[in-house]
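This report refers to the structure that appears directly beneath it.
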Amino acid sequence: MKIVIVGGGAGGLELATSLGRSLGRKGKAEVLLLDRAHTHVWKPLLHEVASGSLDAETEAVSFRAHAHYNSFNFKVGSICGLDRKRKVIHLSPLLDDGEEILPQREEAYDYLVLAIGSVSNDFGIEGVADNCIFLDSISQAKTFQHHLLNRFIKLNRDLGRAELNRKLHVVIVGGGATGVELSAELFKARQWFSTYGLRNVLPEHLQVSLIEAGPILLPALSERISSAVLTELERLGVSVHLSTMITRAEKNALITKDGTRFDADLMVWAAGVKAPSFLCQFDGLETNNANQILVNPTLLAKNSSSVFAIGDCAGCEMIAADGKVHWVPPRAQSAHQMASTVAKNIQNLQAGKPLVTFTYNDYGSLISLSDFTAFGRLMGGLSTGSLKVEGRIARIAYVSLYRMHQIAIHGWFKTLLLTLSDKINRFIRPRLKLH
Ligand SMILES: Cc1cc2nc3c(=O)[nH]c(=O)nc-3n(C[C@H](O)[C@H](O)[C@H](O)COP(=O)(O)OP(=O)(O)OC[C@H]3O[C@@H](n4cnc5c(N)ncnc54)[C@H](O)[C@@H]3O)c2cc1C
């Protein structure tokens, strides 16, 4: 049996690791992970990479090395097509500076798991794709960090020439978790630029505007958390603009529906996600409005007995607490839980047992405002209600989400060592990545 998993993110890497250990190691199946990148960085860390407070290289997991230690194979490749009749996927040519390293090629499978995540949704708004930075991948987060550093260097020179009213203005569109958390991270980062040699730059020279089309921040969370986050962001100095709809982006400016213009040095678009658009024409697999592949409760794609989809690219319906049908939200915890169900189902298929169905358990939501504070609600456990958490406890719960992901891919012992090495790195490394 050959299992091909495409996408080694929050869901795909956990799945490949679990199947490698359970089936690959015992020679019961061949497990192959494919990803367009060579390394994995947990996506919820990208805003920290973007602000420079986290060095992606120290957090990155090399797919090849990880595959070697966990009894699965890894190949680099970007999926671009599917032939369900022949049970093959198509991979785009692999290019290096225009030079073809590998041609367009095929990979055969018995069972295929699509775990390719999501991309930012620009809702087709004019100029956004060309002028805003998205935080969909590690390379985009690094691009933002690079631009931020260079803009600060330029600002330092301008302030030295007595252009005293110059500021660096970052505008972030989208008041969801990514926009909120990035705003707070930037406020942490700004303290370090003058410490690390850009002497003319003071913290107040960074201005951050957060623009949200809806009437509240973090609409998916409770009103209490939403207003607490708003108060905290404004206390830090973020200019929050609610009920403000962007209708056009230009080079260095965003224009709202009522014609207001936000001039900006850097613009980040974080206003929602959708699955990659090529999934809409993927050999007849059904998709929803967000391009997600519709799946059955077993997480097999509708009308398929050999293609699974998990994580942000899967359209999975659930009955929510309000009794209504909703889509399972695009979150790391959804990808993690779906990976566990598909691991079980593939083991059951291998053993000739019936498939289990997926139930989404909402363990709560946490929002971290960098080192300043955190807010959230934790669900389940002994109570059926939710527990509101704030400050240090919420921050510990937030960090433990990443530790859970590390445990799923590295095991307890290595995660303990990684936690220890993070503590040491905080002591021996600069607080901000400056290259
Ligand atoms: C800044 C930020 C903060 C977030 N914070 C939180 C949070 O606090 N809590 C939370 O629950 N969620 C958070 N999320 C959402 C969370 O990161 C995603 O829901 C989760 O990563 C989805 O997991 P996934 O496995 O579906 O996809 P991903 O983790 O995105 O992985 C997709 C993988 O597929 C690969 N890939 C993509 N296209 C192709 C292709 N064509 N061919 C081959 N490989 C491909 C990518 O390289 C990647 O490795 C955050 C997201 C962002 C961007």
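The values are calculated or read from the model by the stated rules, or taken from the named source; none is laboratory data. All figures in this text were calculated on a predicted structure; none of them were measured in a lab. No Cβ is skipped: glycine too gets one built from the backbone with ideal geometry, and neighbour counts run over all protein chains shown. Side chains are part of the model used for accessible areas, which takes the heavy atoms of the whole protein and leaves out ligands, DNA and RNA. Shrake-Rupley method; radii C 1.70, N 1.55, O 1.52, S 1.80 Å.
Summary of computed values
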{"item": "Residue ID - nearest to residue 42 (Cα to Cα), chosen from residues in the range 316-336 that are of a type in the set (D, E, K, R) and open to solvent by 70 Å² or more (accessible area, probe 1.4 Å)", "result": "317"}
{"item": "Count of the range 46-64 residues which are touching a Phe, Trp or Tyr at 6+ places or on another chain (Cβ under 7 Å) and within 8 Å of the ligand (Cβ to nearest atom)", "result": "1"}
{"item": "Close pairs (6 angstrom Cβ cut-off, 6 or more residues apart or separate chains): within 15 Å of the ligand (Cβ to nearest atom) in the range 320-337, assigned to a helix (DSSP H, G or I) and not acidic (Asp, Glu) anywhere", "result": "328/334; 332/44; 335/311"}
{"item": "Selection count where residues are surrounded by 13 or more Cβ atoms within 10 Å (Cβ to Cβ) and under 14 Å from residue 181 (Cα atoms), scope the range 222-236", "result": "8"}
{"item": "Extreme residue, most open to solvent (accessible area, probe 1.4 Å), among residues of the range 1-30 that are away from the ligand (no atom under 16 Å from the Cβ) and part of a strand (DSSP E or B)", "result": "30"}
{"item": "Residue satisfying all of: in the range 394-408; touching a Gly at 6+ places or on another chain (Cβ under 9 Å) and of a type in the set (A, V, I, L, M, F, W, C); farthest from residue 45 (Cα to Cα) among these", "result": "394"}
{"item": "From 67, 37, residue being surrounded by fewer than 17 Cβ atoms within 10 Å (Cβ to Cβ), within 14 Å of the ligand (Cβ to nearest atom) and outside the structural domain of residue 401 (by TED's automatic domain parsing)", "result": "37"}
{"item": "Qualifying residue in the range 113-129 (condition: touching a residue at least 40 places away in the same chain (Cβ under 8 Å) and over 30 Å from residue 220 (Cβ atoms))", "result": "no"}
{"item": "Pairs where the first residue, in the range 168-190, is closer than 13 Å to residue 203 by Cβ and the second is among the aromatic types (Phe, Trp, Tyr), C-beta under 7 Å, 6+ apart", "result": "168/152"}
{"item": "Any hit, the range 179-186, residues being surrounded by fewer than 16 Cβ atoms within 10 Å (Cβ to Cβ) and either more than 17 Å from residue 369 (Cα to Cα) or modelled with pLDDT of 95 or more (or both)", "result": "no"}
